[in-house]
Amino acid sequence: MGFTVVPPGHGGTSEDYSRFRVEYADRLLIPQGQQGGYLCICGAVAAETNTFHLPFGEMSISLEDVSFLLKIPVTGKVVAMEKFARYTEESRSDAIKMVSNLLGVSVEEAEEEVNISKGLTVRKHWLKSQWCPKAGSRPRNYPLVECTARAYLLYLLSCTLFADKSGSRVSIALLKLLEDLDDVGNYAWGAATLAYLYRHLGSATRLKCLVFGYLTLLEGWVYDHFKLGLATPNAKYMDYVHPRVSRWIQKHETVANVDKLGAIRRTLDRLRPSEDTWDPYVNLRENGVVQAMAFYSGKIKYMDVVEPYHPERILRQFGHVQSIPILRTVPLEAHRGPSREQVLRQVWVRTRQLGAMEEPCVGS
């Protein structure tokens, strides 16, 4: 699967998913109580390049960061389902059938839920009831393993990797990708997570716009690269066993203190290149070699979100000397908005038509 640290004896087949419990996902569901780190660094985002402009140069969250921090696949098939991108009567009818077939509920119940959600979504608390049903509420011949696994994974994805502003609804489009449970691990979930986070970080540069996406990834990245005293080491963490994001224990705060945020900003502004941990994975790589996927330069995608990925701008994070980068995807004058998104989608389609996306680094 790649979403969690699998328990002993888990064979990776659909029959094993019924043995999953919430604790196996807890390594991803790290509470986001310490907001200072990511709130401060969000202001340094350059949306056109998806990099942070800091006093000592550019940095960014790379595919290698995602691989080490979350231990989920960054290579594989693209996470996209264009069929459910827009609400139409046809897509609504298909969504009802899919919910009924893949979650094992009646057509009437599926239709009622889609109608209540008023879109191609289902409510999270309804979805949770599908993998946490009351005892005896389902017939004995119910295909419990597969349907429960799909409901659980859909709930997990919507609460972690692809958290959105609704907070209460889940897109049905993801459910189609969970139809074949044995194929779920073949998708580039890590690349999709990064594309989704990139989009929301860019949107957050606008005034009074909240940050969404998997913020635990952003926080873990901040802890790994900057010595800001925002978290303490987790004594139970083991390299090569746990996702690196579980290396830290957070200092929980319900509200980000304004004075503390100001202090963190000043600390970031005073940081020197020598005080930044450019390459925290130097001793963790196999044979000390950076994986080829980290140097992929192009577009990464999640559903209808297409974002530029430019590792040539952050070579110091891979132990290389930084050269003058060339912006390949979006004109410098492009702004975050419909026009920019249209450009990125056109580039994505044109690139696929030319056959340049055959490498599986971000999905094809």
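The values are calculated or read from the model by the stated rules, or taken from the named source; none is laboratory data. Values in this document were obtained by computation on a predicted structure and should not be read as measured data. For neighbour counting, all protein chains shown are included, and Cβ atoms are generated from backbone atoms with ideal geometry for every residue, glycine included.
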Checklist outcome for this item: (1) at pLDDT 70 or above; (2) assigned to a helix (DSSP H, G or I); (3) crowded, with 17+ Cβ neighbours inside 10 Å; (4) hydrophobic (A, V, I, L, M, F, W, C) all hold for residue 116 apart from (3)
Next on the checklist: Tell me whether segment 56-66 contains one or more residues that are modelled with pLDDT of 65 or more and of a type in the set (S, T, N, Q).
Outcome noted: yes
